[in-house]
Each structure stands twice: as C-alpha cells, then as structure tokens.
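The values are calculated or read from the model by the stated rules, or taken from the named source; none is laboratory data. Just so we're clear, the structure is a prediction, and the values are computed from it rather than from any experiment. Virtual Cβ from ideal backbone geometry, glycine too; neighbours counted across all protein chains shown.
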Amino acid sequence: MFSLSDLSLSKSAVEEGADLTVTFSPATEGEFTATLTVSAEGLTDQEVTLTGIATKGWFEVTIGKYGLASLYTDIALEIPWDTYDDLLGVFYGSSYDVDGKELRLKPLSTYVPANTGVVVQGNSGTYRFPIATVTVAPLEENVFSGVLETTSVDELGTGTVLTLGMGSNGYIGFYKYSGSSIRANSIYILMPDNGVKSASALSIVTDDATGIKYLFGPAEEFDDEGWYTIQGLKLNGQPTDKGIYIHNGKTVLVK
C-alpha cells in the first residue's frame, strides 16, 4: 500500500539531508494508514506514519436487459468508446413535445458534463466511465434533471415527474412516476403543471442524418414483422449477433 524509496540510510546521507520518496498504491478505494520504520547507521530508528485516501478514477453505470440506463453525477465523465464495444450511445434531452408525446434526444460524443442528466444506451452490462481530466463545458440545453442521492419526490418541485421505464404497452420511455423517491444518480423530467394537461408518457426519439427515429418507442414504421436496429436500420432477417433490436414495435434482447 505504502512504500518508501529507502528504509535504511547511511549516517552521512542523513547528515546531508536525504530525501525519501513515498509511493501510495492502493488496490481499492478508501482511507489507509501505515507505519514504516526508517533506520540509519548510528542513529535511533524513526517511525513514519503515512495516511492516504484513494478514490475511484471512474464511475460505473449498469445497463439492464432493456438497454437503457439513466446517469447523473456531479463530476464530468469521459465516454469510454474505445473500451466497450457494447456501449451504443449517450444522450441528453434536447426538448419534449407534450402534444406529440415525444422526447427528443441528442447524442454526446466525448464527455458527459458535471451535473448533466443523460440516458446511456447499450447492451446489458456494467461500464466504467473515467473521470474527465479536462474542463468540460456545461450544456446550454437539457430537459433532464437529476439527483445525487436518493431524494423524495416531494422535494423535486411542483409538477409531473417522469422517469425512465417501461410502460404497460411494452415500450421504454419516460412515464409518470408513482413512487415516493428517486434513487441516487438517476434522472427525471419535471413537467410543470401550467393549466395544460401534462403528458403521462413520452416516447424517446433521436436525431440522426436520416431524420427523427424512434428509440424503444411506438413508431408505425417498426410495427411489423421486420427486425430493426435501435438506430432504425431495417435488417434482412432476424439477427444472430447479440444486442438490442426492435421487432413488432417492441424491444427484443438477442443474447
């Protein structure tokens, strides 16, 4: 855990003012203390007490079988595209349409800014997002809010709270939340009650080069016997590669 460059010194080295290098190499996070003894010729042994605090250099995000997870932290994170082939996308909420019941997402390419709610898309598994080592500018727009610790819904403000989930129709989207608290590091949408009936559900869509495409939402173009990627590309038949696909308007996990 702790080590010194030298534990035994000559008397002359001590008299000349020897420098010792401390190396702290923890295997896990936490606070660590150790006492080391330094010996020198003809001198009394000296005990050196060292204390160090280790924190993880990443934040873990776990995606379940339905292919989406929400994320909110107070630190900026790097998106680990080069490490995880199964990580498919990281999106923030650019806008929502109450009448059309659509939530529009836009992708992030490199970093997730601090205090920024996002939806993470990928195959089932746990992904490590490294803590960013550069300054990351905040987003100018984002309809997602988030909590750092488990928080009562009553503390979120007045309005309709929507959270990521699966509805009774089998579609993943943002639905009116009926629970009493939001779990730590999760996101939500607080839709103001302003005299207009608030949507009880928002289907997730995303912008790409071919126009607006539904992600895990009820789109007529996917409501058939065909198989589609989550980006909306129609396949020639049932896929054999593992991943998340759309079939008959619903998400299907291929293992």
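Taking the condition of being on the phi > 0 side of the Ramachandran plot and not in a strand (DSSP E or B), how many residues in segment 17-33 meet it?
Residues flagged as on the phi > 0 side of the Ramachandran plot and not in a strand (DSSP E or B) within segment 17-33 amount to 1.
When you go through (1) of a type in the set (Val, Ile, Thr); (2) in a loop (DSSP other than H, G, I, E, B); (3) surrounded by 15 or more Cβ atoms within 10 Å (Cβ to Cβ); (4) outside the structural domain of ILE189 (by TED's automatic domain parsing) one by one for VAL14, which number turns out not to apply?
Checking VAL14 against (1) of a type in the set (Val, Ile, Thr); (2) in a loop (DSSP other than H, G, I, E, B); (3) surrounded by 15 or more Cβ atoms within 10 Å (Cβ to Cβ); (4) outside the structural domain of ILE189 (by TED's automatic domain parsing), the one that fails is (2).
Could you tell me which numbered condition GLY30 fails, if it satisfies all but one of (1) surrounded by 11 or more Cβ atoms within 10 Å (Cβ to Cβ); (2) at pLDDT below 80?
Unmet condition: (1).
Tell me whether segment 54-73 contains one or more residues that are polar (S, T, N, Q), without any contact (Cβ under 8 Å) to a residue 24 or more places away in the chain and out of contact with any helix residue (DSSP H, G or I) (no Cβ under 7 Å at 6 or more places or on another chain).
no
Restricting to segment 148-179, count the residues that are modelled with pLDDT under 95, in a loop (DSSP other than H, G, I, E, B) and of a type in the set (Ser, Thr, Tyr).
5
Out of segment 114-145, which residues are under 13 Å from GLU78 (Cα atoms) and surrounded by fewer than 21 Cβ atoms within 10 Å (Cβ to Cβ)?
ALA114, ARG128, PRO130, ILE131, ALA132, THR133, VAL134, THR135, VAL136, ALA137, listed by residue number.
When you scan segment 34-147 for strands (runs of 3 or more DSSP E) that lie fully inside it, which ones turn up with 2 or more residues that are assigned by TED's automatic domain parsing to the domain that holds VAL14 and at pLDDT below 90?
On the way: elements: 46-54, 58-63, 68-71, 87-97, 102-107, 118-122, 125-130.
Output list reads 46-54.
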